[in-house]
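Below is one structure, written out as structure tokens; the observations come after it.
The values are calculated or read from the model by the stated rules, or taken from the named source; none is laboratory data. Fair warning: this is a prediction, and the values are worked out from it, not measured in the lab. Heads up, the Cβs are rebuilt from the backbone with ideal geometry, glycines too, and the neighbour counts pull from every protein chain shown.
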Amino acid sequence: MRVFSGMQPSGTPTLGNYLGALRHFVDIQDEAESFYCVVDLHAVTVPQEPAALHRQTRQLSALYLAAGIDPRRSVLFLQSHVPAHSQLGWLMECLVHYGELGRMTQFKEKSEGKEGVSAGLFTYPALMAADILLYQATHVPVGEDQKQHLELTRDLAERFNKRYGDTFVIPEPMIPKVGSRIMSLDDPTKKMSKSSANPGSYISLLDSPDDIRKKIRRAVTDSEAEVRFDPQRKPAVSNLLTIYSSCTDKTIPELEKQYSGVGYGPFKQDLAEAVVARLEPLQERYRELVDSEELDRILAEGAAKAKAVAEPNLHLVFERMGFLLPR
Ligand code: TYM
């Protein structure tokens, strides 16, 4: 089993990124050879302030480690440090069809009504396929919103294998049963997202305990007073239950029982404390790491280990396609 996954350093990661992806990366590293990437090249598919990109890249790298990614067991690195990503990305752009890219819902959502949409935002899934295939990953832990990109990655791997002979492993998505789609606190029909204009709609992993309490207190619920899991009829409360269950070791039925008849007030108060308790130790480790030289050392070692796997695979691809290899 070999795992690859990535997160974009665009904004500060949210509780959604943590519950849908990052926490699972930490669990999986015990069972699998794991590669975790800060996908900085993906982040610039939309404009990024240079100083902000710089800061967010350090932040996300430190958050991976603070959440429990262990650099002795997993390879942690920056996408831009391993040029093979861009190189295989180009080859994938030449394999993917224009129509396939046009059907990607993430592209449609991110480009709708916008002017000056970059070509990179359109070809983004080709680079993502390259990230995964470059490592011959067998499994890719992601949240629900990346499912379509994973399906395209599988199609591209199959297309390549058919055209040029067996080369790529076909990767399986790993989407958690609980927490794969954490919704906004102000609108339970929308995904919690770090790019939302309203900071009250998401909990950032670096929010202070008081901000977390305030945001949860203000989170929308519904006009009943019953803590019950029913995503169709009670999407907001169901989302809060999902967050609560994911941050503790209590199951959703246990929580429903615990809060039966007590209303939303005490439920929200305890939920806020559960989230704070989950994030506080992570934030403490984050502060020790973010400006440390240790972080730079870990990323340099990670890049070297990633290259050792990526480069031979890239050469194999060049060879299969008929490129003349340099001697
Ligand atoms: P990104 O940076 O948007 O998100 C990182 C991970 O967090 C998950 N996620 C969520 N999970 C649950 N609820 C939410 N509200 C929520 N929001 C985000 C995402 O599904 C993702 O797993 N394209 C990817 C980055 C990427 C990648 C890759 C991932 C690039 N190359 C190769 C895997 C393998 C993205 O934009 O993730």
**Q.** Filter result (of a type in the set (A, V, I, L, M) and in contact with an Asp or Glu (Cβ under 6 Å, 6 or more places away or on another chain)) within segment 125-151
**A.** 126
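Being acidic (Asp, Glu), farther than 30 Å from residue 58 by Cα and touching a residue at least 12 places away in the same chain (Cβ under 8 Å): is that true of residue 155 here?
On the way: acidic (Asp, Glu): yes; farther than 30 Å from residue 58 by Cα: yes; touching a residue at least 12 places away in the same chain (Cβ under 8 Å): yes.
So residue 155 fits the description; yes.
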Q: Look at residue 242 and say whether it is within 28 Å of the chain's Cα centre (by Cα), surrounded by 21 or more Cβ atoms within 10 Å (Cβ to Cβ) and not charged (D, E, K, R).
A: yes
Q: Kindly list, by first and then second residue, each pair from a residue in segment 126-149 that is of a type in the set (Phe, Trp, Tyr) to a residue that is within 9 Å of the ligand (Cβ to nearest atom), limited to pairs with Cβ atoms under 7 Å and residues at least 6 apart or on different chains.
A: 135/4
Q: List the number of the failed condition for residue 131; all other conditions in (1) away from the ligand (no atom under 11 Å from the Cβ); (2) part of a helix (DSSP H, G or I); (3) surrounded by 15 or more Cβ atoms within 10 Å (Cβ to Cβ); (4) acidic (Asp, Glu) hold.
A: (1)
Q: Evaluate the following for residue 120: is it among the small types (Gly, Ala, Ser), more than 15 Å from the chain's Cα centre (by Cα), away from the ligand (no atom under 14 Å from the Cβ) and over 21 Å from residue 23 (Cα atoms)?
A: no
**Q.** Per-region count, segment 189-202, residues touching an Asp or Glu at 6+ places or on another chain (Cβ under 8 Å) and within 11 Å of the ligand (Cβ to nearest atom)
**A.** 2
Q) If residue 176 satisfies every condition in (1) at pLDDT below 95; (2) within 10 Å of the ligand (Cβ to nearest atom) but one, which is the exception? A) (1)
Q.
Looking at 246, 208 in this structure, which one is at pLDDT 95 or above, closer than 19 Å to residue 184 by Cβ and either in contact with a strand residue (DSSP E or B) (Cβ under 6 Å, 6 or more places away or on another chain) or among the polar types (S, T, N, Q) (or both)?
A. 246
Q: From (1) over 24 Å from residue 172 (Cα atoms); (2) surrounded by fewer than 16 Cβ atoms within 10 Å (Cβ to Cβ); (3) modelled with pLDDT of 95 or more, pick out the condition that doesn't hold for residue 61.
A: (2)
Q: Answer yes if at least one residue in segment 223-238 is without any contact (Cβ under 8 Å) to a residue 60 or more places away in the chain, surrounded by 21 or more Cβ atoms within 10 Å (Cβ to Cβ) and either more than 16 Å from the ligand (Cβ to nearest atom) or of a type outside the set (S, T, N, Q) (or both), and no otherwise.
A: yes
Q) What about residue 117, is it touching a residue at least 60 places away in the same chain (Cβ under 8 Å) and either touching a strand residue (DSSP E or B) at 6+ places or on another chain (Cβ under 7 Å) or farther than 30 Å from residue 315 by Cβ (or both)? A) no
**Q.** Only listed residue being more than 14 Å from the ligand (Cβ to nearest atom), among the acidic types (Asp, Glu), farther than 22 Å from residue 96 by Cβ and more than 21 Å from the chain's Cα centre (by Cα), chosen from 166, 186, 207, 211
**A.** 211
